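**Student:** Let me begin by handing over the structure; questions about it come next.
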Amino acid sequence: VASAVAVRASADYLCSVLPATEHVTAGPTSVRMSLPGLREGLASALVEGDAKVRRAADDESLSPEMGTTATLAYITWPHLYLAHVGDSRAYRLHLGKLERLTTDHTYAERLRNQTSLDIPDNSPLHHVLWNVLGGGQTEAIEPDIQRHELEATDTLLLCSDGLTKHLDDAAM
């Protein structure tokens, strides 16, 4: 339920706020200009998804702690913008090599990044999220917004932990 609510809210927000056409300059050397407010729009879409999941959780028939993760991809060729909360991942297959583009928002990753500790793969901290849509948390979400350059032969993979808990990056 939380995932469906978040996807609908984020998509509705993006469709009503972000432009659907590309911005180019006139002339033989047409160059795409930056879309004003794109990063803020993507972050706001996830914030809107978070708000709608929280409101849905107020329904007595649902869990007040329901939550979900989200990874959005927005392409304005050749630029890929990612908006990310949680541990749903984005990968790019580039020249035969799979490259992880997102960082999991788990306590294990946070500890690893802040302290350089080696957190064992079987640690339960890999399953505890600090950044999630809904989830009963009281603090505001912190969308991670990134920009990457794409090439025509690149392939994107957006996936949940339903895949990544069973396969490591090398196996994928």
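**Student:** How many residues does segment 80-111 hold that are polar (S, T, N, Q), modelled with pLDDT of 95 or more and assigned to a strand (DSSP E or B)?
**Tutor:** 0
**Student:** Hey, any hits in segment 48-58 for a residue that's assigned to a loop (DSSP other than H, G, I, E, B) and crowded, with 16+ Cβ neighbours inside 10 Å? Spell out the reasoning first.
**Tutor:** First pass over segment 48-58, keeping only residues assigned to a loop (DSSP other than H, G, I, E, B): 58.
When the remaining residues are screened for being crowded, with 16+ Cβ neighbours inside 10 Å, the result is none.
No, because not a single residue in segment 48-58 is assigned to a loop (DSSP other than H, G, I, E, B) and crowded, with 16+ Cβ neighbours inside 10 Å.
**Student:** Another question about this same structure. Mind telling me which of the residues Ser63, Ser16 ends up being small (Gly, Ala, Ser), modelled with pLDDT under 95 and over 19 Å from Gln137 (Cα atoms)?
**Tutor:** Answer to the check: Ser16.
**Student:** Regarding Ala171, is this residue of a type in the set (Gly, Ala, Ser), in a helix (DSSP H, G or I) and open to solvent by less than 90 Å² (accessible area, probe 1.4 Å)? If you could, list the steps in order and put the result at the bottom.
**Tutor:** Numbers: of a type in the set (Gly, Ala, Ser): yes; in a helix (DSSP H, G or I): no; open to solvent by less than 90 Å² (accessible area, probe 1.4 Å): yes.
When the stated conditions are applied, Ala171 does not pass them.
**Student:** May I ask you to list the residues in segment 112-144 that are of a type in the set (A, V, I, L, M), under 22 Å from Ala73 (Cβ atoms) and either open to solvent by 40 Å² or more (accessible area, probe 1.4 Å) or outside any strand (DSSP E or B) (or both)?
**Tutor:** Leu129, Val132, Ile141
**Student:** Collect the residues in segment 54-108 that are of a type in the set (S, T, N, Q) and touching a strand residue (DSSP E or B) at 6+ places or on another chain (Cβ under 8 Å), keeping them in residue-number order.
**Tutor:** Thr68, Thr69, Thr71, Thr76, Ser88, Thr102, Thr103, Thr106
**Student:** Right, another one. Give me the pairs: first residue in segment 119-141 and of a type in the set (D, E, K, R), second residue not in a loop (DSSP other than H, G, I, E, B), beta-carbon distance under 6 Å, and six or more apart or on different chains, which are they?
**Tutor:** Within 6 Å, no pair qualifies.
**Student:** Looking at segment 82-103, I want the residues that are within 25 Å of Glu40 (Cβ to Cβ) and open to solvent by 10 Å² or more (accessible area, probe 1.4 Å) and have a partner that is in a strand (DSSP E or B) and among the acidic types (Asp, Glu) with Cβ atoms under 9 Å, at least 6 apart or on another chain. Which pairs are those?
**Tutor:** Filtered contacts from segment 82-103: Arg92/Glu99; Thr103/Asp144.
The values are calculated or read from the model by the stated rules, or taken from the named source; none is laboratory data. Computed from a predicted structure; not experimentally measured. Note that each Cβ is placed from the backbone with ideal geometry, even for glycine, and that neighbours are counted across all protein chains shown. We work out accessible area using only protein heavy atoms, side chains counted, and drop any ligands, DNA or RNA first. Shrake-Rupley method; radii C 1.70, N 1.55, O 1.52, S 1.80 Å.
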